[in-house]
Structures are given as C-alpha cells and as structure tokens.
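K.L.:
Handing you a structure now.
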Amino acid sequence: MHEMALTQGIVDICLQHAAGQRISTVVIEIGTLSGVVPEAVEFCFSACSSDTLAASARLEIRKIEAQGRCLDCSGVQTVERLYDPCRQCGSYALELLSGEEMRVIEIEVDD
C-alpha cells in the first residue's frame, strides 16, 4: 500500500512547516489520474499523525478532475482514463493539463 508512505510524507511536510505548532487542519489535492486512492490516504492519516502535533488534525481531500487538451483540434475536455481519445476529433494526442497531482495546499495551525 503506497498510500501509507505517501501519507507519511504528507504528515512530515505538515509538521516541518508547522514549526512546532499544533496542526488543526490539513487540506490536500489529489488528481483523479494520480494513482492515489483518496480513501486510503484518509484511512492512513490518523495512523501516520498519531503521537504528533497533527494527531487531532482534520484532513480535507479535494479531488482534482483530469483535464486534457487535444493537440490536433485544441479542444479541452475532462479525461476519464489515460490514453482516451479526444471526444471532439478522435485523436489520441491529448496533453494532460491536470489530474496527476497530489499536493498539500493548506495547513491550519492553532495559535
């Protein structure tokens, strides 16, 4: 389960940036084509953050829909799976614009 290692990385990043303050909320984005299962990250978060300043933190996960631009017709569309053809012209020359990311976007600390 690679989500455990990814979640531990999230907690480590948050603790580093919190600089010794208790963390109340962590907001992350996970792209639909990232290969990361949001529910697994949510499950692992409490285990990875226990006995740390993030132990009672609320985790908010925002799912980012994959978007692609066709290099032939320039149409922009939602991408459901890698290597899907363009819905407008049928070309397989899609450039992904979003959907593979996973990032911490916000850390809220207690004063």
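Where a number appears in this text, it was derived from the coordinates with a stated rule and is not lab data. Only a predicted model underlies this, so the values are computations on that prediction, with no experimental measurement involved. Backbone-built Cβ (ideal geometry, glycine too); neighbour counts: all protein chains shown.
K.L.:
Hey, what angle do you get for helix 2-18 against the long axis of the chain, alpha-carbon based, 0 to 90 degrees rounded to 10?
P.N.:
60 degrees
K.L.:
Another question, if that's okay. Calculate the dipole size of the chain relative to its Cα centre from +1 charges on Lys and Arg beta carbons and -1 charges on Asp and Glu beta carbons; express the result in debye to the nearest 20. Provide the component values of the computation, followed by the final result.
P.N.:
Values: 8 positive and 18 negative charges, 43 e Å.
I would put it at about 200 debye.
K.L.:
Next question. Using square roots of five times the C-alpha gyration tensor eigenvalues, list the equivalent-ellipsoid semi-axes of the chain in whole Å, biggest first. Numbers along the way, then the final one.
P.N.:
On the way: eigenvalues 248, 34, 16 Å².
Three semi-axes, in Å: 35, 13, 9.
K.L.:
Now for a different question. Once label points are set 7 Å from the Cα along Cα→Cβ at both residue 24 and residue 39, what is their separation, rounded to one decimal in nm?
P.N.:
Each label point is offset 7 Å from its Cα along the Cβ direction, giving 3.1 nm.
K.L.:
Now, a different point. How far is it, in nm, from the label point at residue 16 to the one at residue 47 when both lie 7 Å from their Cα along the line to the Cβ?
P.N.:
For residue 16 paired with residue 47, the spin-label model returns 2.3 nm.
K.L.:
Same structure, new question: What residues qualify as long-range amide H neighbours of residue 109, i.e. H under 5 Å apart, gap of 5 or more or another chain, H built at 1.01 Å from N?
P.N.:
Placed amide hydrogens put 24 under 5 Å from residue 109.
K.L.:
Still on this structure, please answer the following. Every cysteine in the chain with no other Cys Cβ under 4.7 Å from its Cβ, please list them in numeric order.
P.N.:
So far as the 4.7 Å Cβ criterion goes, 14, 44, 48 stand without a partner in the chain.
K.L.:
Can you work out the FRET efficiency for the pair residue 82 and residue 60, with r the C-beta to C-beta distance and R0 = 41 Å, to the nearest 0.05?
P.N.:
On the way: r = 26 Å, r/R0 = 0.65.
About 0.95, to the nearest 0.05.
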